[in-house]
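Computed from the coordinates by the stated procedures, all read-outs in this text should not be read as laboratory data. Bear in mind that the values here come from a model prediction, so they are computed numbers and not experimental data. Positions of Cβ are backbone-derived with ideal geometry, glycine not excepted, and every protein chain shown enters the neighbour counts.
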Amino acid sequence: MPAQVLAFLNFKGGVGKTTSVVNLGAGLGYFKNKRVLVVDLDAQCNSTFWLLRPDHFAALEPTEFEGAGSARTSWQIFRDAVYGTSLFQPTQAIIRGVPRSEAGYELIPNLHLLPGSLDLIDVDFEADTKVVGRMRAALREALEPLRAHYDYILLDCPPHLHYVTQSALLAADHVVLPYNPDYLSLSGLYTLSQLLDRIDVVFAQQRAGQRRANIAAVVICRHQLVGRAYGTAIAELKSRLDLLRHHRLVHPQCALLEPYVRHDVSVAEAASEHLPVLLHRPNSNATIDYKLLSNAFVAHFNSLR
Ligand SMILES: Nc1ncnc2c1ncn2[C@@H]1O[C@H](COP(=O)(O)OP(=O)(O)O)[C@@H](O)[C@H]1O
Ligand SMILES: [Mg+2]
């Protein structure tokens, strides 16, 4: 069965998009033996930095030939759309078996990474109206031949709805919303679902019949059991999701997946070690939660096939 392409998206920065992509991706690969491709679409390159050692990342950046390095990143997909070239070569760009040990040993062989590039920041400025349509379609076209090789393709999106994110919405089958249960995030959820709805109008003008992905799952990334604010916010989130389902602003089977990943300092430590938390601290709360969440994730997305 071809891969499900899932865009991890939220307007807000710091809500756990990257953490979810990296650690769920690792959990699906390691615990569930799924073939997973992580695609870094954010100019901040956080999932790339997380999964690659600095020397490995540095090797991707341009060296003697200008652009020769960045051609091996997701940036080249959009660059090709802007300039009408076809320089993106997935077999050269995708790094198989990430992370790697210092000796180069593949620590999770079926977890692959298409790195991001700092140059992604320019993509939205380079697009004039003539190439916008090509840019929006570019990611879907680039991922199409890769679908046969994976179970999941996880897109780590930037925290905005510009062209790169729009292309992710057209490439993806579903949106996964990483969420921090606090009161202010609730209004963000409503705005996002409404904006996604409005974007449909823009897409409809561009590509007849092409629909964007909808929010099909919510994951909670930093659950804290102290205080009452979280409990209240989660109850509020659930009733808000019911309302959004009712108004068809999210997928009809949209679910809040459990367990919620607990706040755990080993997550932040793992990032600085360039390891998913399950390799950095196999017995941590976060590892236990990501293991169970991987089960729930597979069950949920199987039910949407
Ligand atoms: N379960 C957790 N426990 C503690 N810190 C976490 C947890 N999940 C995420 N974080 C931290 O939250 C911060 C923001 O997460 P990140 O995934 O980078 O968000 P985004 O990609 O949405 O900007 C990071 O510093 C990360 O280490
Ligand atoms: Mg991020």
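Going by Cα centres, the stretch 196-262 and the stretch 147-163 are how many Å apart?
Centre-to-centre (Cα) distance: 17 Å.
With +1 assigned to the C-beta of every Lys and Arg and -1 to the C-beta of every Asp and Glu, and no other charges, what is the dipole magnitude of the chain about the Cα centre in debye, to the nearest 20?
1100
State the answer as a single residue: which of Gln166, Val218, Val22 lies farthest towards the positive end of the charge dipole of the chain, with beta carbon charges of +1 for Lys and Arg and -1 for Asp and Glu, about the Cα centre.
Val218
For the chain, which longest stretch is free of loop sites, where a loop site is one of the chymotrypsin sites (Phe, Trp or Tyr not before Pro) that DSSP puts outside H, G, I, E and B and that has at most 15 other Cβ atoms within 10 Å?
106-305
Using DSSP to call loops (not H, G, I, E or B), can you name the GluC sites (Glu not before Pro) in the stretch 100-151 whose Cβ has at most 13 other Cβ atoms within 10 angstrom?
Here the GluC sites (Glu not before Pro) that fit, given the DSSP loop and packing criteria, are Glu102.
May I ask you to sort Leu60, Leu28 by Cβ crowding, counting other Cβ atoms within 10 Å and putting the fewest first?
Leu60, Leu28
What distance in nm lies between label points placed 7 Å from Cα along the C-beta direction at Ser239 and Ala59?
Taking the simple label geometry, Ser239 and Ala59 are separated by 5.5 nm.
Can you give me the distance in nm between label points at His162 and Asn302, each placed 7 Å from the Cα along the Cα-to-Cβ direction?
4.0
How long is the chain along each principal axis, judged by its Cα atoms, biggest number first, in Å?
Principal axes ranked by extent give 56, 51, 34 Å for the Cα atoms.
For the stretch 67-134, which trypsin sites (Lys or Arg not before Pro) are in a loop by DSSP, counting at most 12 other Cβ atoms within 10 Å?
Lys130
Okay, helix-only estimate at 222 nm for the chain: each DSSP H run of n ≥ 4 adds -39500 (n - 2.57), divide by all residues, round to 500 deg cm²/dmol; what do you get?
Value at 222 nm, helices only, nearest 500: -13500 deg cm²/dmol.
Taking the convex hull of the alpha carbon atoms in the stretch 167-284, what volume per residue do you get, in Å³?
129
Express in nm, to one decimal, how much length is gained between Asp122 and Gln194 on full extension, taking 0.36 nm for each residue of separation and deducting their alpha carbon distance. Present the calculation step by step, with values, prior to reporting the outcome.
Working: separation 72, 0.36 × 72 = 25.92 nm, distance 2.68 nm.
Length difference between fully extended and current span is 23.2 nm.
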